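Note sheet for the following structure.
Just so it is clear, none of the values below were taken in a lab; they were calculated from the coordinates. The structure displayed is predicted, hence computed values, not measured ones. We place every Cβ from the backbone using ideal geometry, glycine too, and count neighbours over all the protein chains shown.
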Amino acid sequence: MTIISENVKKPSQYVADYLDEIYHSVVKQDPNEPEFHQAVAVFLQSIYPLLEKEPQYIEKGILKQIVEPERVITFRVTWVDDNGKTQVNRGYRVQFNSAIGPFKGGLRFHPSVNTSIVKFLGFEQTFKNSLTGQPIGGGKGGSNFDPKGKSDNEIMRFCQSFMTELARYIGPDIDVPAGDLGVGAREIGYMFGQYKRLRGAYEAGVITGKAPDFGGSLGRTEATGYGTIYFVQEMLKDNRMRLEGSTIAVSGSGNVSIYAMEKASQLGARVVACSDTTGYIYNEKGIDVDTVKEIKLKRKGRIKEYLDFHPDTTYSEDCAGIWSVPCGIALPCATQNELDEEHAITLVKNGVKVVAEGANMPCTPKATEVFLNNGVLFGPAKAANAGGVAVSQLEMAQNSMRLKWTFEEVDERLQDIMKSIYRNCVDATKEFDNATNLIQGANIAGFKKVADAMIAQGVI
């Protein structure tokens, strides 16, 4: 393994050897899972100060347990397309850790989905959920099904088939899926309808991300993007900086990106660039979020269409080129490993002060090292983008109590949760004399709660 940041103390040889042993055992057991290996490596490199101080986590074999999911489920999903042909996809659910609550994590429908992806996401979800302070464990799932280009009826038939199998393994007190990439309110609705049909009961708390009319929470759609901005706001305040007047570049143009742009604009920042898989737009005067919403959420179009409304905007086809745009704050909100070392160096040269991960693991380890070594404030994904799962748990709470909170109530709770997450990360970094490395703080704070619960519950 390689140490992410050179400006931290190195572990003792005993701890270093133990971490290497854990990492290499993961790689040896599942050699073709690079995303999962990367997530485990970053985690292990972060928590060694805690292991030095509290060796019981080594003595009780907690790390050996925590890198192994409790359950990995794969299944066949067969469905019939509009031409009457039978199609086959693969479904996944990784139930990673239930030490502090039922498994909780989204479902991703995308051609890239495989075991490595869902294990990496479920592993990260375990510590992200822990950081929220709410009683939820970590899980993730999905399918290599691609919703793009499919009719509503095809998506419905796929979702019904997917849920017919998944329903065997989930429940309000067992595992509560949600949406993720490629899974929005439409897909959640189809899956919930099928679950209800199979169970013969209205168990609203079995899945989150539902429409507000049948058990969904107001504010859930906005939560991840809003939460990322609330986290950035706390980072800035703590370093005597302001969000108001800042220039921001945001990759992606899905829900996370759009609502991060919306909240940033509401708080006085200027979003100058955003992207989709085909390219990016740039306007130094600022991007109009309502136009992006119209194009991406209503029309399901391409970001290039923005120029039809605002011809003074520049469009470039290389979506990764967005990181060449000068900005004070960069928010990678698209997908894993989208921002590499070269992009990070360019951002630093152009004066970036803050980077916060709206997507899951969007920065490569080398990129993260560049940011940390150049004094850039860095908000890791498991902390900065935890707003989505936080509000998902609030949806679970509302379902359990048969209540419905207003948007304002949910948003206020979200702000409090993001402030608490930031403070927990900072407190953990200060405890180990490395107050600038929130990656370390997030991993230590998230891990400790889960690990202590595992010790208390014994070997299970």
Linear extension gain, Lys237 paired with Glu294, 0.36 nm per residue minus alpha-carbon span: 17.3 nm
For segment 222-379, size of Cβ-based charge dipole, Lys and Arg +1, Asp and Glu -1, in debye: 300 debye
Segment 226-336 shape via C-alpha gyration tensor axes, a/c threshold 1.5: prolate
Value of [θ]222 nm, deg cm²/dmol, for the chain, DSSP H segments ≥ 4, -39500 (n - 2.57) each, nearest 500: -14500 deg cm²/dmol
Shape category assigned to segment 13-67 from the gyration tensor of Cα positions, a/c cut at 1.5: prolate
Segment 38-130: Cα Rg divided by the 2.2 N^0.38 Å rule of thumb: 1.40
Filter on Lys263/Lys298; Lys28/Lys382; Lys293/Lys349 - keep pairs with C-alpha separation over 28 Å: Lys293/Lys349
Positive-end residue, the chain charge dipole about Cα centroid, Cβ charges, pick of Tyr259, Ser324, Gly106: Gly106
Selection from Asn373, Val354, Ile58, by position along the positive dipole direction of the chain (Cβ): Ile58
Within-13-Å neighbourhood charge of Lys237 [Cβ basis; K, R +1; D, E -1]: +1
Distance from segment 317-386 to segment 194-267 (C-alpha centre basis), Å: 20 Å
Charge sum, other residues only, whose C-beta stays under 15 Å from Met454's C-beta, Lys/Arg counted +1 and Asp/Glu -1: -1
Principal axis dimensions, largest first and in whole angstrom, of segment 71-203 by Cα: 47, 34, 23
Average projected area [Cα convex hull, segment 298-377], square nanometres: 5.9 nm²
Approximate spin-label separation Ser25-Glu52, in nm, with each point projected 7 Å along Cα-to-Cβ: 2.3 nm
Simple spin-label estimate for Arg197 and Thr278 in nanometres, 7 Å along Cα-Cβ: 3.5 nm
Over the chain: Rg over Rh, Cα atoms, Kirkwood Rh: 0.95
Charge context of Ile322, other residues only, Cβ under 11 angstrom, K/R +1, D/E -1: -3
